[in-house]
Every structure is written in C-alpha cells, then in structure tokens.
Amino acid sequence: MAIEFRDVSNRSVASKIFIEQEVANRRTSAGIMPHRIGVLGVSDNQASIELNVPKRIRSKEEAIQEHGSRSLLAQMLSAVIEVAPNVEVYGIPVPALVGTRARGGIRIEGSATKFGFFSILIGGQSLRVPVPVGTNPAVLASTIEGAVTAAVDLPVTANAIDEFCFFSAAFSGDVGNQIHIAPDERYASEEPDGLTVTYFDIGSEVTFSGGNGAATRGVGDPSIATALANLGALRITEIVSPFTTPGSLGELIQAGIERNSPSIDRMFAGFVGINSDESAYTTTRGILNSEWLTFCPVFNSQTPGYIIGSTVTGVYANAQQERIGIPMRSVILPGVLASPDTTPTHGRIDEFVRTGSSHFVTREDGRVAIGDLVTTRTKTDEGKEIGDWRFTVVHSAIQYKRWSMELVFGADPFKRAIAVPDDQITTVSHALRKSTIKAYAMALVDDWGKLAITRNVATVAANIEVEENAENPARYDILIPDDQTSGLRIVAVKLSWSVYAQ
C-alpha cells in the first residue's frame, strides 16, 4: 500500500528532506468521558423561558437569574453545581402544575420573658429571628413572615395571621410535601422563655386550632415525558427528577428504555431523592423493577427529597467522571441533614439492597454518607434474581465503553473506508480489512483494562469476532465478549485462634 502525499511531488529528483503533515482523527482510545447532568424541575419564570428544552447552567447565580430564587429548579441546580463543579449541568424546565400547594404552619402562645432567638428549620435551612422581652405571638408571627420574605432562597412563602404563621410551598404539587418545618434543635439553648410554639408540618393535613385553616398536602406532578423526549441526541449521563408519583416515575423509566435503544444510544442513570418515612417510601417504590431508576432515601430527613436527589446525582457524576465505575460507598453528601432513625443492622441494609433500594449512613460527626447506590432492577423479565444491573455504577462503565466505541469507530480511518477481505491486495489506504477492525477493537479492550473496567483482558481480546454481515457487504459486525469488573463491597475475614494451657 503506497503512502499518499498531498503536497510533496513524486517528480522531485534533487536532494531534499520533505516533511508534510496532516491532522488525522485516529483513535485507539477515548480518554476522559465528560458527564452531563440533566435537572428536571419547575421554574418561576415560565413566561420568559423555553419549556421542556434543556439549557446549560454554569453557576448558582445563573440558575437563580434564569428560574427564580425560590423555584424548584433553581434550588436543585444550585445543589448539583455546588458538589459537581467540573461537570456540565443542564436545567430542564417542565410546565408548572396548576394544583394544590402544600401548606403548614406554627401557632405561638405566651409572651417572651427573656431575650432569645426563635430558630426553625424550613426545608432543611435554618431561619433565626431575635425575640425581645415582651414579644407577643402576633408580633413574632409577623417577624417570622418578614424574615421568610427576606430569605429569598427558602422554598416557601409565609403569611402571618394573629398568633399563626403559615408556610406554603413556593410551587404546586406533590413535590411540596417534601418540605418540612421543625424546631432547629441546634439552637435550643437560645430559645426565649415564656413562649410555646406548636408545629403543623407542611403537608401533614392537620387542622389548626382557632379556625384559621389547615395543613394541606400538595397534589399532582407535571408530565416530564416531553422534556425527556426533547433531549434528542444530547448525551446526558445522569438525570435527577424531583417527582415521585407513579406517573412521573413511569415516564422517567420509559425514557430510560427509549434512550438506551440503538436508535438513540444515549443511556442515562436516573435519580430520585426521598425524605419520607420508610412506610410511605415502600408504597412509592411499589413493584418498580428498572435499571434506569435509583432511589435515594434518607428517611425523615429535614432536607427535601429533591435536594437529596440533586446532591447524590452531583457527587456521583463528579466521582464517575474522575474515576470510571468507582463505588460510591462512604462519599459524603454535603448539606444533607441526617435521618433521625436508628442506623439499621447489616441484615436490614442487605434486605434494602436486595429489594432495589439504596441506603445511606449517618457518621459519628452527624454527616450523611452513601452506603450503596443501587437501581430498582432486582429481577430479570422472567422473574429471576439478577446482579448485573444491581449497582448504579454499572451505568458509568457501560456508558464509557459505548462512548469510546462511538468515538473510535466514528473517526479515521473508518469515516471514509472501503471494506475489503483480508486476502485482497490493494494499494489504497482507505481499504479496511477485518483484521484491522479487530486490532482497533483489541486496543479498546486494552484501554478498558487499564481503566480497571474490564478484567481478563487477554481472554476478552482473543475472543473478539469480526465478520462481514451476510446481507450487507457494506457492514461489519463486531462481537466483544466483555468481562466487566465489579466493585469491592465485601471483605470477609476468618480469625482462627487457640488458647494453649500454661
């Protein structure tokens, strides 16, 4: 095969060293795969943005400017960007749901006999207001309303009526039930004397005494199907959704199935955060069985589920972009408040993982860390227990492999090649044989081995098959019998010892 030159003449006879260069996009390895996070949510600026269309957001400030500080989408984007500074993040605004807003409140009784601070957790964020001596319930309720109005990043609005202060989710729908109010026990010693405060949690459906209303649940979720369909060919590796009703979960799972198909080839790992109690979560989880959904439950946490899900998604994508397929055990979730529940036994945790639920642990310092991230896929379509899609990090390795194959086989010398048999003699550089294609596939497998996402590399490479398609001579079919590595999750030690008589 002759080497072809573009600028060097074959007719030159005088002494000279000729050097010609060209840019050729030849790849035998892919390098670092960029992760991209898609964040589904509702914007406050629906009249001025394009709904159901992804748009890259580069900072918390941009998220607030684009969607409004109290909006569901801005809060989620801010949480993701905080923990994933090196990952591309896309906001995906969906139409707002016209429906019931979750509502709760407090009732204040008595009069302050000693100066102090009233401290309350609202959606996991601490709000503190000074309480002078002599402050009565109506004044304190009004003061709290003003403080909430000034704290523009809180996910609620406030309304004071006499001795009551009501808190309404800043957005409609079921997602507002993830916002809770509670005393901030960290500042209990600073509470003013003489006041009694009764809490009616947001979404608790408890009637206030005094006839001033009731705590109400938010109802309904917007459809996310159009937004997910509009992702098109954009490669989104992780998607976090705040919506937990069966309809929204079903739409997320269906999008996972469709985007995994060869016609789109843009698989993603889907995340949904949970902060309900365990019994409500069990009902939510139902009989889901999908590799495209990872639940992230921190039971009874004061942090909203949508912030838990956003934080998990961010730390996951950030870690997987740096080290493909690395297990997420012990990774801290910044800002997520711990579950008040007792840390479960290993048997209980094992049951969680077997039934398709991630689990989280509270460290001694009070911070929340990931235990295991698992998908809800626990059985094959035939009902047999499986392990292949159990752990969420499986997505990361497969995503990288599919991405690297697309890059390598989509670059030179494949872009403008002619397929020829191995035994054909030719003088053109754009003729590709099966042996050449197999060499590129072997190089890919070698690359995967170096990244520790394929094991038994020599065996895998030796068993690669390349064949001309029987019905289409312009097509070569490649089989790579991959042997994927697993994360180290269990270390079993047997201590055998004896006591000898003295």
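The values are calculated or read from the model by the stated rules, or taken from the named source; none is laboratory data. This structure is a prediction, so every number in the text was calculated from the model and none was measured. All Cβ positions, even for glycine, are placed from backbone atoms using ideal geometry, and neighbour counts span all protein chains on display. Only protein heavy atoms, including side chains, enter the accessible area calculation; ligands, DNA and RNA are left aside. Shrake-Rupley method; radii C 1.70, N 1.55, O 1.52, S 1.80 Å.
Since only Gly305, Ile274, Asn318 are under comparison, the one whose Cα sits farthest along the positive direction of the charge dipole of segment 265-333, derived from C-beta charges on Lys, Arg, Asp and Glu, is Asn318.
Using Cα atoms only, what is the angle between the long axis of helix 72-83 and the major principal axis of the chain, expressed in degrees (0 to 90) to the nearest 10? So the helix axis and the longest Cα principal axis differ by about 60 degrees.
Using helices alone, I'd like the mean residue ellipticity at 222 nm for the chain: each DSSP H run of four-plus residues gives -39500 (n - 2.57), total over residue count, nearest 500.
The per-residue figure over the chain is -8000 deg cm²/dmol.
Residues in segment 362-421 average 47 Å² of solvent-accessible surface per residue, probe 1.4 Å, ligands and nucleic acids excluded.
For the chain, the longest principal axis of the alpha carbon atoms and the long axis of helix 394-409 meet at an angle near 40°. May I ask what percent, to the nearest 5, of DSSP beta bridges between residues of segment 353-465 are antiparallel? So the antiparallel bridges amount to about 75 percent of the total. Karplus-based coupling profile of segment 191-207, in residue order and whole Hz: 4, x, 7, x, 10, 10, 10, 9, 9, 10, 4, 4, x, 7, 6, 10, 7, with θ = phi - 60° in 6.51 cos²θ - 1.76 cosθ + 1.60 and x standing for Gly or Pro.
Solvent exposure of segment 222-355 amounts to 38 Å² per residue of accessible area, where only protein heavy atoms count and the probe is 1.4 Å.
I want the antiparallel fraction of DSSP beta bridges within segment 190-340, as a percent rounded to 5.
Around 10 percent antiparallel, to the nearest 5.
Of the labelled figures [x] 22.6, 65; [y] 28.8, 106; [z] 22.8, 77, only one reflects Rg and Dmax of the Cα atoms in Å as derived from the coordinates, namely [y]. Ligands, DNA and RNA left out, the accessible area of segment 461-502 computed with a 1.4 Å probe is 52% carbon and sulfur.
Each Lys and Arg adds +1 at its Cβ and each Asp and Glu adds -1 at its Cβ; summed about the Cα centre, the chain shows a dipole of about 1040 debye. Within the accessible area of segment 109-248, the carbon and sulfur atoms contribute 54%, probe 1.4 Å, all protein chains present. Summed over the residues of segment 132-221 and divided among them, the accessible surface reaches 42 Å² per residue at a probe radius of 1.4 Å. Distant-in-sequence amide contacts of Asp372, defined by a placed amide H-H separation under 5 Å and a gap of 5 or more residues or a different chain, comprise His359.
Shown is the FRET efficiency for Glu109 and Asp412, computed with R0 = 56 Å from the Cβ-Cβ distance and rounded to the nearest 0.05: 0.15.
Quote to one decimal, in nm, the extra length available between Ala188 and Ser486 on full extension: 0.36 nm per residue of separation minus the C-alpha distance between them.
102.6 nm
If r is the Cβ-Cβ distance from Asn469 to Lys379 and R0 is 35 Å, what FRET efficiency results, to the nearest 0.05? About 0.55, to the nearest 0.05.
Computed from the C-beta positions of Tyr500 and Thr282, the FRET efficiency with R₀ = 56 Å rounds to 0.60. Across segment 160-176, coupling constants 3J(HN,Hα) worked out from phi with the 6.51/-1.76/1.60 Karplus curve, θ = phi - 60°, read 8, 9, 6, 8, 9, 10, 9, 10, 10, 4, 6, 9, 7, x, 4, 4, x Hz, and Gly and Pro carry x. The relative contact order of segment 351-502 comes to 12 percent, based on Cα pairs under 8 Å that sit 6 or more residues apart. Among the protein heavy atoms of segment 335-379, carbon and sulfur supply 50% of the accessible surface, probe 1.4 Å, non-protein parts ignored. Please work out the Cα center distance from segment 99-119 to segment 285-328, rounded to the nearest Å. Rounded to whole Å, the Cα centres lie 33 Å apart. Scoring 46-56, 7-17, 91-101, 310-320 by mean Cβ neighbours within 10 Å over their residues and listing the highest first yields 310-320, 91-101, 46-56, 7-17. Pairs of Cα atoms nearer than 8 Å and 6+ residues apart set the relative contact order; for segment 67-222 it is 32 percent.
Under the convention that each Lys and Arg Cβ holds +1 and each Asp and Glu Cβ holds -1, the size of the dipole of segment 358-502 around its Cα centre is about 500 debye. Inter-label distance, Asp477 to Ile425: 3.2 nm, where each label sits 7 Å from its Cα along the C-beta direction. Across the chain, C-alpha contacts under 8 Å between residues 6 or more apart give a mean separation that, scaled by the residue count, equals a relative contact order of 14 percent. Taking every DSSP beta bridge that has both ends in the chain, the antiparallel portion is near 65%.
Protection proxy ranking, highest mean first, for peptides 268-280, 121-133, 153-165: 268-280, 153-165, 121-133, where packing is the per-residue count of other beta-carbon atoms within 10 Å, averaged. Against the chain, whose longest principal axis comes from its Cα atoms, helix 434-450 is set at around 40 degrees.
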